[in-house]
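> First the structure, which I've put down as structure tokens, then a few questions once you've had a look.
Where a number appears in this text, it was derived from the coordinates with a stated rule and is not lab data. Only a predicted model underlies this, so the values are computations on that prediction, with no experimental measurement involved. As a convention, Cβ positions derive from the backbone with ideal geometry for all residues, glycine included, and neighbour counts pool all protein chains shown.
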Amino acid sequence: MPLTRSLYNMALRLTRRPQDAADLVQETFLRAYRTFPNFTPGTNAKAWLFTILYSIFVNAYRRKEREPEMASIEDLEERFQRSIPVQDLNAHLQILGNLNIDWKGSEIQRELERLPESFRAAVLLVDVEDLSYEEAAAALGCPVGTLRSRLFRGRRILAVGLQEYACKLGYVRR
Amino acid sequence: MNMADGQHPREALQELLDGRLDAQASGDVVAHIASCSSCAGEIEILRWTRSTVASAFAAGPVPESLERSLRDALDREAHAAPLERVPWLTRARRPALAVAVLTFVILAVGIVFMSRRGDVPARVARDYLAYRTGAIDLDLKTADVVEMERFFARKGTGFQSRVLDLGMMGHRLVGGRVHRIRSVQSVLFVYAGPAGQVLVCQMYKGSVTDLPAAQEIRPNDGIEFHVYARAGTTLVFWQEGAVVCVLAGDGALEDVLKLAFTKAMKV
């Protein structure tokens, strides 16, 4: 089936559990099948499927999802505000970039998982799935301005998290 | 975009990076960045984070059982549910339902392909504008085509990139980067012309048959060149074996075509 990899990837990042992710993808395709007449030819089928997936996630999965280590918006805003000066952060990230670290399964994964789901979904839809702001906003059911703000903060918080990781590893000093 | 009040245009930096600003707004933000070290650092952070996120969270393999269970579920949906809900739907009509499921799958595949096809030239034009406005940078700056090819080979792009020396056409290599066109990895390299023209070339694994209908197809020396115009940018695509090449420029169509003719190689 087309886009299964992308949908499963997104579902796994949202639910954090492979079985839940598989169920979510299956339900997405079934819903798409049932509502196929509602799809407007010429629009982005990928965005349409993500809209269905996120809607099912919000209504059926989010309530039962365990989020023990989820950072609160307030905590993140505080981290965002007291984050390292831009020049230092930029220099530190350049050092990290030059180390050719394979980030898969590492600190950035944990940083992403700690992001509030709405920030996480915005980053994943735009940066990983390459949806436009408008498509991502439609999928998440929010205005484009909200999507823009979540994306900006999500990216910035991830950057701060990576910088803290660099400090922890001793690559850079505060 | 008004930046006269001394505010840092934080979210506009992101919009520049994502290629969402028009030429006027891009120019304003780029001018601000040139005089503001804080914003220059900020956009580098966003760029680095975006690219790290894209590679760290790219889709991995799907469990083998999932594809099978999807087809089974769709099959059950078509057969069982309607029979329970709609009394007049007899066994005799089940083949028609199987056809309906198959049609859905084919239509879904077709629509996805159409969506992808429709986006590529616009995406390449966005990349061109993003480079011109400073929203994307080069991983390696060099005028040496061999060094550039070695750089791409080290990065393991999965295909043989071919960076041609266009010096005899008055264009010198500026540098390049490993890039993406939507979710497909590409190599992107830039040439500077004698009068300040900028040409951005990209190569990626794919087929020109996946592109939308071209505005013009120009054959030359046994190769078909697919021509598009998007957002003031001329785009010329052609096929080299398993790789699609595209040359993007804001000069006259014939000038971009002439360079494409020079660079293209029959494989």
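> If I stretch the segment between B:Ala213 and B:Lys258 completely, what's the gain in nm (0.36 nm per residue apart, minus their alpha carbon distance), one decimal?
14.1 nm
> Using the Cβ atoms and a cut-off under 15 Å, what net charge is assigned to the surroundings of B:Leu46, where Lys and Arg are +1 and Asp and Glu are -1?
Neighbourhood net charge equals +2.
> Out of residues 5 or more away from B:Val243 or on other chains, whose amide H comes under 5 Å of its own, with H placed 1.01 Å from N in the peptide plane?
Answer set, sorted by chain and number: B:Gly206.
> First select every other residue whose beta carbon is under 12 angstrom from the beta carbon of B:Gly170; then total the charges, Lys and Arg +1, Asp and Glu -1.
Local charge sum for B:Gly170: 0.
> Next up: Using modelled backbone amide H atoms (1.01 Å from N, in-plane), which distant-in-sequence or interchain residues come within less than 5 Å of B:Val198's amide H?
Those qualifying (amide H under 5 Å, at least 5 residues apart or on another chain) are B:Gly193, B:Asp250.
> Is there a pair in B:Lys155/B:Lys266; A:Lys46/B:Lys258; A:Lys168/B:Lys141; B:Lys205/B:Lys258; A:Lys46/B:Lys205 whose C-alpha atoms are over 29 Å apart, and which pairs would that be?
Where the Cα-Cα span goes over 29 Å, the pairs concerned are A:Lys46/B:Lys258; A:Lys168/B:Lys141.
> Sum up the charges of everything whose Cβ sits under 15 Å from the Cβ of B:Asp22, counting Lys and Arg as +1 and Asp and Glu as -1, but leave B:Asp22 out.
0
> Take A:Tyr54, A:Tyr133 and order them by how many other Cβ atoms sit within 10 Å, fewest up front.
The order, fewest Cβ neighbours first, is A:Tyr133, A:Tyr54.
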